[in-house]
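**Q** Encoded as structure tokens, here's the structure I'll be asking about.
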Amino acid sequence: MKRTLRIEILCFVFMLIVAVQLSLLLITRVTSPTNQGQELLGKKAKSWELIQSLQGEAIICDRSHDNYEWCFLNRPSILDKNSTTFSTIGSQSGNSTEKIRPYPRKWEKLTMSLVSEITLTTWSIEKPCEIYHETPALVFSVSGYTGNFFHDFNDGIIPLYITLNTLFPDQDVTLVIADFTNWWYSKYEVLLRGFTKQPVINLNNQTSTHCFTSVAVGLISHGPMTIKPIQNPYKKSSFLDLRSLFEIAYSKCSATLPPPLEAGKPRIVFMSRTGNVGRVILNQDQIIEAVKKAGFDVVLFQPTKFTYLCDAYRLINGSHGMIGVHGAALTHSLFLRPGSVFIQIVPLGNDWLADSYFKNLATGLRFQYLEYKIRPEESSLAKIYGLNHVILRNPNLIIRGNWSALDTIYLKKQDVNLDFNRFRMYLEIAFSKANMFLDKRG
């Protein structure tokens, strides 16, 4: 009995010694002041991040997707103020370099040529860190189609959200923006503050060297207006989670009060298109009267590139639905509350775009979605080509693999004149749904 007890005590002491030695070894690797990189790494990183940063390849890239790619410099890094190069801090066992343009439209060569190229390298530079960041950096570009409200979200804000929740699900990051423009930052500053607590860095205008615990370059996209569920030990992500982030961000900013609600009526935001832009509702005044007669409180909304998003959010979030012809402005439906009514009017030849973009969005945000597909006689193309022309009778044959035809004919050349009686039936269904939503959510 005593011999057994003695053996158990000896085993316990041995295991304790081994555990202490391993702990001291790990502490030495993390906090030893042998170089700037190890000091920076040990400042404020999660244990799982430390494990990742102390093993594996220095640079990891995923270039397997058609629409995006990303690279990760898995070492403490320094940004040279005179270039768009991130280098490792301190010596490395091997040297490698990767270049990437951080914008998620990889298949469009011309568009990607406008995006700044970022370099990641394990070749160290002999420069001191002037500004230390206790966070990783995430680098992305706002070039490409930036300025189109749909692309601002589809190629920017939504992939940014996905990337943060995929690569950095439990930690803050510093956003480093390439191809920076002041108007873009002013428009989305409120929203960016919901993504990070750190000041945003303008990569185009640096006067100091910056150091980070690691660097990711590029944005992950799940496809047009899509957020696939992200499963990880730290966070689950979806369009509803992103919508909650909007609510937190935009509830803090000052905004112009929208017109008061008409008592007992659900409010619907009517997205208006005017001018020579294509997909204009030619009988808009008549249709708006029909919407009012159906029982709605109607607010006409015609956003521009400089629309203050706090105002837009306050108006749309307080409404019960939205109506509009397929187009970039329908991206504002992101601000509708889940359960709202959303009517998308789909011109000829716009079916795939309507489904891929805003029907996807409506599904993700659980809208009560209605789709009004116009008939050939409701298209202005009928007066140009005649009702029996293949352009009206078989748009898919014309646009199959031909983006130029889709853009020129069906997006920019086509307006719509809605069938008043047919559209009124959709309004009756929409009003019933919106009224129930009003009773339920106010």
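**Q** Quick check: is even one residue across segment 380-395 within 30 Å of V190 (Cα to Cα) and not charged (D, E, K, R)?
**A** no
**Q** Is there a residue being at pLDDT 95 or above and over 20 Å from the mean Cα position of the chain (by Cα) anywhere in segment 252-266? Show your work before the answer.
**A** Taking segment 252-266 and keeping what is at pLDDT 95 or above, we get 265-266.
Narrowing the set further to residues that are over 20 Å from the mean Cα position of the chain (by Cα) leaves 265-266.
Looking for residues that are at pLDDT 95 or above and over 20 Å from the mean Cα position of the chain (by Cα), one finds at least one in segment 252-266, hence yes.
**Q** Moving to a separate point now. Could you list, in sequence order, all residues of segment 394-437 that are part of a helix (DSSP H, G or I) and either among the β-branched types (V, I, T) or outside the structural domain of G278 (by TED's automatic domain parsing) (or both)? Working first, answer last.
**A** Step one: of segment 394-437, the residues part of a helix (DSSP H, G or I) are 395-399, 403-411, 420-437.
Listed by number, the residues that qualify are I398, I399, T408, I409, I429.
**Q** Are there any pairs, at least 6 apart or on different chains, whose C-beta atoms fall under 8 Å, with the first in segment 169-195 and more than 15 Å from F153 (Cα to Cα) and hydroxyl-bearing (S, T, Y) and the second at pLDDT below 95 and not in a strand (DSSP E or B), and if so, which?
**A** T181/T146
**Q** Tell me yes or no: at least one residue of segment 368-391 is in a loop (DSSP other than H, G, I, E, B), of a type in the set (S, T, Y) and either modelled with pLDDT of 95 or more or surrounded by 12 or more Cβ atoms within 10 Å (Cβ to Cβ) (or both).
**A** Yes, there is a match, as at least one residue in segment 368-391 is in a loop (DSSP other than H, G, I, E, B), of a type in the set (S, T, Y) and either modelled with pLDDT of 95 or more or surrounded by 12 or more Cβ atoms within 10 Å (Cβ to Cβ) (or both).
**Q** Turning to a different aspect of this structure: Hey, which of the helices (runs of 4 or more DSSP H) in segment 104-190, taking only ones fully inside, have at least 1 residues that are modelled with pLDDT under 95 and within 23 Å of F335 (Cβ to Cβ)? Reasoning before the result, please.
**A** Values: elements: 109-113, 149-152, 158-167.
Per the criteria, 158-167.
**Q** While we're on this one: Go through (1) touching a Phe, Trp or Tyr at 6+ places or on another chain (Cβ under 9 Å); (2) surrounded by 12 or more Cβ atoms within 10 Å (Cβ to Cβ); (3) not β-branched (V, I, T) for L438 and report which single condition fails.
**A** (1)
**Q** Looking at segment 108-122, which of its residues are under 15 Å from G144 (Cβ atoms) and not small (G, A, S)?
**A** Listed by number, the residues that qualify are E108, K109, L110, T111, M112, L114, V115, E117, I118.
**Q** For the subset of segment 337-353 comprising residues that are without any contact (Cβ under 8 Å) to a residue 40 or more places away in the chain and surrounded by 22 or more Cβ atoms within 10 Å (Cβ to Cβ), which member is nearest to F296 (Cα to Cα)?
**A** Result: F342.
**Q** State yes or no: is T196 exposed (fewer than 15 other Cβ atoms within 10 Å of the Cβ), outside the structural domain of A328 (by TED's automatic domain parsing) and closer than 29 Å to S116 by Cα? Steps first, please.
**A** Values: exposed (fewer than 15 other Cβ atoms within 10 Å of the Cβ): no; outside the structural domain of A328 (by TED's automatic domain parsing): yes; closer than 29 Å to S116 by Cα: yes.
Answer is no for this residue.
**Q** Every residue in segment 67-96 that is in a loop (DSSP other than H, G, I, E, B) and either closer than 15 Å to V173 by Cβ or among the aliphatic types (A, V, I, L, M) (or both), please. Can you show your working first?
**A** Here is the first cut: in segment 67-96, the residues in a loop (DSSP other than H, G, I, E, B) are 67-69, 74-76, 80-84, 89-96.
Within segment 67-96, N74, P76, I89 meet the criteria.
The values are calculated or read from the model by the stated rules, or taken from the named source; none is laboratory data. In this text the structure is predicted, and so the values were computed from the model without any measurement. Please note: Cβ atoms are built from the backbone with ideal geometry, for glycine as well, and neighbour counts cover all protein chains shown.
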